[in-house]
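Remarks on the structure that follows.
Every number in this text was worked out from the coordinates using simple rules, so none of it is lab data. Just so it is clear, the model here is predicted, and its values are computed rather than measured. Because the Cβ atoms are built from the backbone with ideal geometry, glycine has one as well, and the counts that use them run over all protein chains shown.
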Amino acid sequence: MLKKSIESALNKQLNAELYSSYLYLSMSAFFETIPLKGFARWLRLQAAEEQEHGMKFYDYIIEAGGTVTLAQIAAPKSAWKSAKEVFDEVYAHEQKVTGLINNIMDLAVAEKDYATQQFLSWFVTEQVEEEANASDICAQIRMTEGAPGQLFAVNRELGMRE
Ligand SMILES: [Fe+2]
Ligand SMILES: [Fe+2]
């Protein structure tokens, strides 16, 4: 049985993962209009991945005997100045999410909830990968400064994401 404090934190993170999905889908839609379709594809797939993260929390809450409570999902912004601005925000957002996961882990440790610690460990590892991916793309975009045509090469590579 989940403690109420843990249940509440997990429900909040479920909402945060769905917000991440919403944010990346909005970014994807922005790239569709520029149009940089490779960036759009990468972010669309990332939005689907965040949806899956949300469902991992959803399933765990139920399996652990808790109650899923869905809250309103905040509207993400819909316009950016550049690809660089978008991916700087992706990277900052992933760092923020890492902090959120770490906070729930701190709570699970304090509450001696070993099952939730085990569940969260997947996300601790996942966030290392998420930050690395975002940081790499930021670096690739930075390399195109002064040679904007190179953005098409990054766009092509991101468009190959499976
Ligand atoms: Fe996530
Ligand atoms: Fe993420």
| said: Using the Karplus curve 6.51 cos²θ - 1.76 cosθ + 1.60 with θ = phi - 60°, what ³J(HN,Hα) values do you get for each residue of the stretch 40-55, in whole Hz, with x for Gly and Pro? | reply: 4, 5, 4, 6, 4, 5, 5, 4, 5, 5, 5, 4, 5, 4, x, 5
| field | Residue pairs, from the table LYS37/LYS77; LYS3/LYS56; LYS37/LYS96, whose Cα atoms sit over 22 Å apart | value | LYS37/LYS96
| remark: Of all trypsin sites (Lys or Arg not before Pro) in the stretch 81-161, the ones in DSSP coil with at most 13 other Cβ atoms within 10 Å are LYS81, LYS112, ARG161
| said: Beyond 25 Å, how much of the Cα-Cα pair distribution for the stretch 4-158 remains, as a whole percent? | reply: 34 percent
| request: Within the stretch 146-162, which residues have the backbone N less than 20 Å from the label spot 7 Å out from LYS56 along Cα→beta-carbon, could you tell me? | output: 162
| task | Report relative contact order for the chain in percent, whole number only (criteria: Cα-Cα under 8 Å, sequence separation at least 6). | result | 30 percent
